[in-house]
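The values are calculated or read from the model by the stated rules, or taken from the named source; none is laboratory data. If you're wondering where the values come from, they're calculated on a predicted model, not measured in any experiment. Positions of Cβ are backbone-derived with ideal geometry, glycine not excepted, and every protein chain shown enters the neighbour counts. Heads up: the accessible areas ignore ligands, DNA and RNA and are worked out on the full protein's heavy atoms, side chains in. Shrake-Rupley method; radii C 1.70, N 1.55, O 1.52, S 1.80 Å.
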2 protein chains.
Amino acid sequence: MKKLEDLQELISKAVTKLSFPLHPAELYEPLTYILSIGGKRMRPALLLMACDLFGGDVDEALAPALAIEVFHNFTLMHDDIMDNAPLRRGRTTVHEKWNQNVAILSGDVMLIEGYKLMMQVKDRLLRPILDIFNNTAVGVCEGQQIDMEFEQRTDVAINEYIKMIRLKTAVVLGGALKIGALIGGAEIKDAELLCNFGEHLGIAFQLQDDILDVYGDPEKFGKQVGGDIISNKKTYLLIKAFELADDKIASDLRALINKKDFDNEEKVKAVTDIYNELDIRQYAETEVHQYADKAFKALDEINLPEDHKQYLRDFADGLMVREN
Amino acid sequence: MKKLEDLQELISKAVTKLSFPLHPAELYEPLTYILSIGGKRMRPALLLMACDLFGGDVDEALAPALAIEVFHNFTLMHDDIMDNAPLRRGRTTVHEKWNQNVAILSGDVMLIEGYKLMMQVKDRLLRPILDIFNNTAVGVCEGQQIDMEFEQRTDVAINEYIKMIRLKTAVVLGGALKIGALIGGAEIKDAELLCNFGEHLGIAFQLQDDILDVYGDPEKFGKQVGGDIISNKKTYLLIKAFELADDKIASDLRALINKKDFDNEEKVKAVTDIYNELDIRQYAETEVHQYADKAFKALDEINLPEDHKQYLRDFADGLMVREN
């Protein structure tokens, strides 16, 4: 089995070789630009990994893997407009570097380029793979819409939150694995089990991310600790806290959220104290384990040699144990 | 052969029956809304017409025809944001009725829904039809980008203008005809000739539209006469006028364009006088006829019974002779 890092490296190199038309320059330059910003290339690497695990030729899965990366970056380009984000990974976002119209239209053509890359599969797999891609793409749009609606709402329930992160984050992981498995020669049943593995793992990963934002080791966790608290982001922790809080605590929490003038450190400490009082971290970790368990159960059922399954278990463990 | 009006009617009915998911409502309601605004449904009707002309079953072409209409409306939804347009056919645009983020994201999901509909073809045709659809979609994005760039430029040449209207308007007509022909059972060579017919006719039609804006009978022409002049739109007429003008006339024309405070009627008359002085109408009509001739030449070569070709000639004549 190929190492995940090697597959990520393979994708990174292939991304730099992706070429788009030269004209109109303002339409295509943003595609090359946003793809150059980088990232871990996890989604396309998972697609290659799935292909490899089922004994397929990784080269045959390269164009579809790039399709997933191009699609992912299309969503980033449009999400950055919607979120009014000036920076992505420290680099100027497309709508800031060019303008908003460029970011809309370049994003559109990027989605189409994603389809063109995804179509570079054998005829036999064209329809099933495009069906998966369509469902994945629709899911991501639905997830983004639900996420935007959450910003205006104060009554988000845990199950709604899980649905949102499943759509916005997890379905792409599941879809990438499923497509890779099919290219590798997997039976549809096994491809679907691998998809379930990916989706559940994706949810567990996102919940873990919510925990790490508050309880992560600042040395190891790449982001500012408490960033979600400072920006009042509706995470699992905040939603669960409101679910469990009595009137007094709920009103304290609401006051902290609505306060316009605050010291970041004090706010993070005050909200974390409430989380601690309500044992939120434990609830969240229980939920993480439940989704990880679901992922591992799906994995157990896949018809693959034991060492291949162990590879996936090790991958999942590596993904989840990021710091504590 | 089925009448074009009947095919347009068939599409109009099918559009009202298109159903999208109910949730998230803000994501999908704009799709139904913009599709309900209507229009002549010319693009999807042409797809059905092409299928019918080659002896195919129109029902089999219905989903791909709807795909073309859904795709077209996706481009309208995003173009309206880029153009900052408050109204479309007298109805509030999506970004005005909801907000800009909704219009971006609903447009994105609409493009994906277009692909889903376009995939409802026989396996044998899936790849060739999606290839045509991809090329069409990319062309429209390129055309829109070039059109936006024209707004900032003062040196647009006639051949650039023709390229822009070909991409922005004509390739969809050609693509729709080509897809319909293939579904109807046409040989690829004949489908391509029909595509050429559609593209050239589309260019001729757009040039005709530029002429009618200035010289059309206000009773018969649906828009305000001189609208392009009032808004300084770079049409064939304006570009040609700058090409032919001597220094004195060019400077007069530039003064009219740059004037901030003007009476609409006076401006239209002054610019039209310049067009008349330079015989711009004749140049434009010559160009219209050249593209119409190219369309008819492609048509002549198609392997279809003579009465079918006559049907297409009558259709083209009906399209071009709209008022004068």
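Structure above, values below:
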read-out: Pair list, Cβ under 8 Å, 6 or more apart: the stretch A:303-317 residue closer than 17 Å to residue A:46 by Cβ, other residue open to solvent by 70 Å² or more (accessible area, probe 1.4 Å) and outside any loop (DSSP other than H, G, I, E, B); value: A:309/A:300
read-out: Criterion violated by residue B:120 - all others in (1) within 29 Å of residue B:60 (Cβ to Cβ); (2) in contact (Cβ under 8 Å) with a residue 24 or more places away in the chain; (3) part of a helix (DSSP H, G or I) satisfied; value: (3)
read-out: Helices (runs of 4 or more DSSP H) within the stretch B:235-324 that include 2 or more residues within 28 Å of the chain's Cα centre (by Cα); value: B:236-244, B:264-277, B:280-301, B:306-320
read-out: Out of A:261, A:247, A:273, sole residue that is over 30 Å from residue A:194 (Cβ atoms) and at pLDDT below 95; value: A:261
read-out: Number of positions in the stretch A:23-42 that are outside any loop (DSSP other than H, G, I, E, B) and either over 21 Å from residue A:181 (Cβ atoms) or touching a His at 6+ places or on another chain (Cβ under 8 Å) (or both); value: 12
read-out: The stretch A:86-141, subset polar (S, T, N, Q) and under 22 Å from residue B:115 (Cβ atoms), residue nearest to the chain's Cα centre (by Cα); value: A:136
read-out: Sole residue being within 14 Å of chain B (Cβ to nearest Cβ) and part of a helix (DSSP H, G or I), chosen from A:20, A:74; value: A:74
read-out: Any hit, the stretch A:89-97, residues being at the interface with chain B (Cβ under 10 Å from one of its Cβ atoms) and under 23 Å from residue B:74 (Cα atoms); value: no
read-out: Residues within the stretch A:132-158 that are among the acidic types (Asp, Glu) and more than 7 Å from chain B (Cβ to nearest Cβ), tallied; value: 3
